[in-house]
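Only the coordinates and a few stated rules stand behind these numbers; no lab work does. Predicted, not measured: the structure shown is a model, and the values here were computed from it. Cβ coordinates were reconstructed from backbone atoms using ideal geometry, including for glycine residues, and neighbour counts include every protein chain displayed.
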Amino acid sequence: QVQLVESGGGLVQAGGSLRLSCAASGRVFSNYYMGWFRQAPGKEREFVARIDWNSGSTDYAGSVKGRFTISRDNAKNTVYLQMNSLKPEDTAVYYCATKYGMLIRTSNVDYWGQGTQVTVSS
């Protein structure tokens, strides 16, 4: 049993910053990936960022590279997404997710969080 709970979403103006948190429970933090995905109304869910929990290696979607940073805190069983220089097109529900044993992708997620709304106004 795995539970992922996102928090930290909200309304910000373009150019502002926000930090999302994903608190995980119900499993050992080893040999898996964590990722952030987002979905706007009427659009497909898309990859934002991922991290290899063991190595710390990260990867980002081109649309957020240089603006967003994914990180982990083993002691708190938490993954973060620091979002800077936010744009209106970043508006979406952001989801935390995990995949055991292999690189995480939108199509192979094992567990999803409930999502947290991020709205960026002009």
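Based on alpha-carbon atoms, the Kirkwood radius and the radius of gyration of region 29-98 give Rg/Rh equal to 0.97. If I build a Gaussian network model for the chain, linking alpha-carbon pairs within less than 10 angstrom, which residue out of Ala75, Ala92, Ala61 has the largest mean-square fluctuation? Taking springs between Cα atoms under 10 Å, the residue moving most is Ala75.
In this rough spin-label picture, where each label sits 7 Å from Cα along the Cβ direction, the Ser121-Glu89 distance is 2.2 nm. With the simple spin-label model, which puts each label point 7 Å out from Cα in the Cβ direction, the Trp112 to Gln13 separation comes to 3.4 nm.
Spatial offset of region 95-122 relative to region 48-93 amounts to 11 Å, using the alpha carbon center of each. For the chain, a Gaussian network of Cα nodes joined below 10 Å ranks Ser21, Ser85, Ser55 by mean-square fluctuation, and the top entry is Ser55. Treating the Cα atoms of the chain as identical point scatterers in vacuum, please give the log10 of the normalised Debye intensity I(q)/I(0) at q = 0.19 Å⁻¹, two decimals. Log10 of I(q)/I(0), two decimals: -0.97.
Quick one: grab the alpha carbon gyration tensor of region 1-44, order the square roots of its eigenvalues as a ≥ b ≥ c, and give me rounded if a/c is under 1.5, else prolate or oblate depending on whether a/b is larger than b/c. Can you show the working numbers first?
Working: a/c = 2.55, a/b = 1.80, b/c = 1.41.
Here region 1-44 falls in the prolate category.
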